[in-house]
Structures are given as structure tokens and as C-alpha cells.
Amino acid sequence: MTAFRFTTAGESHGPGLVAIVEGMPAGLELDREALDRDMARRQLGHGRGGRMRIETDTVEIRSGVRHGRTLGSPIAVLVANRDYANWEDRMNPWPVEAAVDEVHLPRPGHADLVGAQKYGHTDIRNVLERASARETAARVAAGGLARSFLAALGVSVHSHVIQVASVKAPERSGLAPDDFASVDEDPVRCLDSEASAEMVEEINRLRKANESLGGSFEVLAFGLVPGLGSHISWEDRLDGRLAGAVASIQSVKGVAIGEAWDVAGRPGSDAHDEIFWSEERGYFRETNHAGGLEGGMTNGLPLSVRAAIKPISTLTKPLRSVDTETKEPAQALRERTDSTVVPAAAVVAEAMVCLALARCYREKFGGDHIDDVLAAVEAYKKRIDFRG
Ligand code: EPS
């Protein structure tokens, strides 16, 4: 059987982005509006730039789905770049008559310089177009398919912003799916309205000072069975897969599972989740310091993945750089940009977590049709007496 995997293709200002998802079961009902809702959620957030006013991202399915149900074959999705209409000369796949200027001013923090060196390009645009976080639109399209599969198994994945620049929301533990009902209505997708107002102020203040802003967020997955991932080999440890999936998002520089950074400073007696058992509940815990993972496997508690993202590396007050043609000191490329993408990055991380979890479910439970998967999950829950 084809392994569950996905790939994306596309440049930021090219004709469009493509994602191909392989290994989905047949017979899964898809909700077109839900797929597009995720695309719109990725475009949200106070501090985004002019591009989001040009695009209205939607998922166009090109294969693998018929009359709203998956066929079991590869699913190809297309996300058009409306902005391509303004870039047709500069980004045309074929030679054009018009003179097109090359970019020679690498931005510190972006892929520009090392990408041009590695791939032998004199025009940095050949690197920055693919390195752009626009690519995450294709990941969210693919992640929407994974999310649909997980939803059929009773799993839901949510996110919220914890920090924007120096403003941190108060710590929240014991979050449940209902807590996220209106998170997308908040301008920075934060669960704390006071912190949110301060974050918006901080964005406005730093944007005026021509600064960009980083921050951090948390993704939570609810309804997972224990035993996704495995302790038996390094590649199967879910901690590693999740860290890789989330750290691969543009601008992400750190990933933590659960309370990792806090736990590092605590004594062992205050770091682990003690195990209890009762007639009604079976095994249960009173705490979730481990963020739902033990030994590289889900343990049936909510999964928590946190990530830190650096400030965007395109600055409206550019940093010092070098002209790669003349080797003279120069200011880095100044392009239209966002002030911060923390709220959007959290939505992208939801997609990456959905894709990583969908792969685990496909590996563990197999099945060609969604009903096969459901039956296998039920049988497993029964075997381990999991009541969650
Ligand atoms: C993005 C589209 C881009 C940027 C942003 C993400 O649009 P443009 O480059 O046309 O303004 O807003 O890209 C980056 C943060 C980056 O570093 O490249 C999007 O669709 O998310």
C-alpha cells in the first residue's frame, strides 16, 4: 500500500501552488467549505501585509476525489496565485520579451544568499520565490485533507498564539476543543483578550518603527489514541517527526513538546504525569506535563506542540548586506512584506501536525476504505481498554 506522504510545488509569484497527498483511504467524505475555511484562516492575523488583500486562497481539487469522496488515489490540489497577473513577465515559466531585473541584494535571515550560492543563481529571485512562506498555502491545503481524515476518527487539531514579540499571554493548562470556538475571531488568534490587545498594540508600534516581529504558539490535538509513533526506532518516535514537521515551517526556530522548556528546570518529581486507574475511567492522569507523548508515542492525553518563530527577515528598514554582483555594501532587498505572521504560522503548524498524525494513523491501522480504518481503531481501543 502507498505510504501516506505529501509534497508541494510552486513559487510565491508564479502561476500557483500544488500539493499532492498520497495514501489517503477511499470513501472519506470531504467538506469543500471546511477545506477553504482553513485556507482563509491562514490568511488571517493582525500584522499581515498587502499580499493577503490580493489573494483569496481556495483549494481546487484536480484528482483523487469524485463527488465529494476520496478514491484512494493520489489527491492533487491547486492553489492559484492571483498575484501572478502582476508578475507574468517576471515569473513566466517561458522566456519573455520584456527586460526583467535581477535581484542582487540578499536579506539577512532569508534563504537568499546561501540559496543563490548553492544553486548557482545570479538572480536571487530564483531562490526567494520558493523559499517564501507563500508555500505554506499548499501545506494548509494538504493539511486540510489530513484534518478531514482525522476528524472522521474523532481527532481535532487547534492552535493559539502565546507570544508576539515581548507580549506573552498567561499560561493556560487543561485546554479543551471548546476553548477554541472563537479563537479565529481574535485579531492575533490569542485566547486571552487582554494579552491580545497588547499584542495588537505591539504590532502597531513596531510596524511604525519599520520592525518585524516574531513570537510563539501552541498546537493541540485532541481525541488521539495512545500508541501513535513508537519507541522502537528513532525514525518512528513521534516527538522527532513532529519537531521535524513543525521546524520545517518558514521562520520557525524552535519546537517544544508540552512544557519542555519549563520541565527542564524542574525536579523529576514535578516533571512527570503520575498514573492512576479507576473502574470508570481505566488509566488516567491528573497532569499533562509531557504534552501527550511518552517514549515517542501518544499516551491518550492531548498532544501539545509549541513553536517559536523569528521575526520575518524582510524588513521595511533593511539590514546591512552586500550587492552580490558588485560586492559593495548595500541595503538588503526591500519588498512588500508582513509585520508578523505568528497567527498564520500557527494555522500552518496545525496543518503540519495533522499531516504527521494522519501518517501515524495510516501506518498503525492500514485499511483501503475509511470504514476499515474506523473498524481497526475501534478494535485497538477495545484491546487496550482505552475509554478516551
Ligand atoms: C505569503 C505571501 C508573501 C508574504 C509572506 C507570506 O507575499 P509577498 O511576498 O507577495 O508579499 O506575505 O512571505 C514571507 C513571509 C516570506 O518570508 O517570504 C503567504 O501567502 O503566506
For this session: Go through the residues of the range 87-96 one by one and say whether even a single one is within 11 Å of the ligand (Cβ to nearest atom), touching a Gly at 6+ places or on another chain (Cβ under 7 Å), in a loop (DSSP other than H, G, I, E, B) and in contact (Cβ under 8 Å) with a residue 60 or more places away in the chain.
Result: no
Seminar exercise, completed: Taking the range 97-114 and keeping residues under 16 Å from Glu325 (Cβ atoms) and part of a helix (DSSP H, G or I) leaves Asp112, Leu113
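To keep it simple, each residue is scored yes or no on (1) out of contact with any Pro (no Cβ under 6 Å at 6 or more places or on another chain); (2) within 16 Å of the ligand (Cβ to nearest atom); (3) in contact (Cβ under 8 Å) with a residue 12 or more places away in the chain; (4) not in a loop (DSSP other than H, G, I, E, B).
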{"position": "Met1", "(1), (2), (3), (4)": "yes, no, yes, no"}
{"position": "Ile20", "(1), (2), (3), (4)": "no, no, yes, yes"}
{"position": "Leu35", "(1), (2), (3), (4)": "yes, no, yes, yes"}
{"position": "Arg41", "(1), (2), (3), (4)": "yes, yes, yes, yes"}
For this session: For the range 363-382, enumerate the residues that are within 17 Å of Thr298 (Cβ to Cβ) and not acidic (Asp, Glu).
Result: Lys364, Phe365, Val373, Ala376, Val377, Tyr380, Lys381
For this session: Determine which single condition Gly291 fails, assuming it passes every other condition in (1) over 27 Å from Ala165 (Cβ atoms); (2) part of a loop (DSSP other than H, G, I, E, B).
Result: (1)
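Kindly indicate which of Val161, Val167 is crowded, with 18+ Cβ neighbours inside 10 Å and closer than 17 Å to Leu303 by Cα. First the steps, then the outcome.
Values: Val167 fails: closer than 17 Å to Leu303 by Cα.
Of Val161, Val167, the one residue that is crowded, with 18+ Cβ neighbours inside 10 Å and closer than 17 Å to Leu303 by Cα is Val161.
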Seminar exercise, completed: Pairs returned, first residue in the range 43-59 that is outside any loop (DSSP other than H, G, I, E, B), second residue that is at pLDDT 95 or above and surrounded by fewer than 16 Cβ atoms within 10 Å (Cβ to Cβ), beta-carbon separation under 6 angstrom, 6 or more apart or interchain, are Ile54/Arg82
Problem set entry | Identity of the residue in the range 312-346, of a type in the set (Lys, Arg) and in a loop (DSSP other than H, G, I, E, B), that ends up nearest to the ligand (Cβ to nearest atom) | Arg336
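The values are calculated or read from the model by the stated rules, or taken from the named source; none is laboratory data. Bear in mind the structure is a predicted one, so any value in this text is a computation, not a measurement. Note that each Cβ is placed from the backbone with ideal geometry, even for glycine, and that neighbours are counted across all protein chains shown.
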